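Quick notes on the structure that follows.
The values are calculated or read from the model by the stated rules, or taken from the named source; none is laboratory data. Values in this document were obtained by computation on a predicted structure and should not be read as measured data. Note: ideal-geometry Cβ built from the backbone for every residue, glycine included; neighbour counts use all protein chains shown. Calculation scope for accessible area: heavy atoms of the full protein, side chains included, ligands and nucleic acids excluded. Shrake-Rupley method; radii C 1.70, N 1.55, O 1.52, S 1.80 Å.
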Amino acid sequence: MPDPSSWLTETATATAAGGHVRTDDGGLSSALASPLAPHCTGLTPEQLLAAAFASCLHHAAVEAAGKITDEAHTVQVTAEARLGRDDDGRYRADVHAEISSAGLTREQLADLVANADQLWPFSSGDPSRHRLTVTPAENGRH
């Protein structure tokens, strides 16, 4: 993991409870689909994964595009996420993302994709660049 002083200063927090997910700043608030109430409508885990991957990769792609073109505002990322189950019942995710940007040659677009893929922590070539820690909350903390 990087030196703690190299982390970006912003930290984001989101909470999922009672059939809704929201960021603490209110930037995102949406109903969630629930395995406890399959008849309810709302975002599915697949939709949330696709949105999160598209958002993260878009951020990286715009940054990478700035080194290739002055048209970085035309970058578009489409992500598709699927969930599956292993034999032991654990979920696994399969995410495919595509990057496009108006006016780039095939070579420039290939460079953009390669550079963006290396920037974000969920790079397609390196599964060791992220860490997830799951712990119980302190009693009384909601």
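Odds and ends about this structure:
- The condition of being among the hydroxyl-bearing types (S, T, Y), under 19 Å from the mean Cα position of the chain (by Cα), within 25 Å of L8 (Cα to Cα) and modelled with pLDDT of 90 or more holds for only one of S123, S29, S128, that being S29.
- The stretch 64-90 - residue that is part of a loop (DSSP other than H, G, I, E, B) and in contact (Cβ under 8 Å) with a residue 12 or more places away in the chain and, of those, surrounded by the most Cβ atoms within 10 Å (Cβ to Cβ): V75
- Scanning the stretch 91-126 for residues that are open to solvent by 70 Å² or more (accessible area, probe 1.4 Å) and either among the small types (G, A, S) or farther than 19 Å from E80 by Cβ (or both) yields a count of 8.
- Scoring S5 on the criteria (1) open to solvent by 50 Å² or more (accessible area, probe 1.4 Å); (2) outside any loop (DSSP other than H, G, I, E, B); (3) within 30 Å of E107 (Cα to Cα) leaves a single failure, condition (3).
- For the stretch 1-51, the set of residues classified as among the charged types (D, E, K, R) and closer than 23 Å to L83 by Cα consists of R22, E46, listed by residue number.
- Any hit, the stretch 120-128, residues being part of a helix (DSSP H, G or I), touching a residue at least 12 places away in the same chain (Cβ under 8 Å) and closer than 20 Å to I68 by Cα: no
- Residue selected from the stretch 8-26 under the condition more than 19 Å from the chain's Cα centre (by Cα) and open to solvent by 60 Å² or more (accessible area, probe 1.4 Å), by the criterion modelled with the highest pLDDT: A17
- So A16, is it out of contact with any Ser or Thr (no Cβ under 6 Å at 6 or more places or on another chain), assigned to a strand (DSSP E or B) and not polar (S, T, N, Q): yes
- So T41, is it of a type in the set (S, T, N, Q), closer than 27 Å to E98 by Cα and open to solvent by 50 Å² or more (accessible area, probe 1.4 Å): no
- Cβ pairs under 8 Å, 6+ apart, first in the stretch 20-34 and touching a residue at least 24 places away in the same chain (Cβ under 8 Å), second open to solvent by 40 Å² or more (accessible area, probe 1.4 Å): V21/A14; V21/T15; V21/L28; V21/S29; V21/L43; V21/L48
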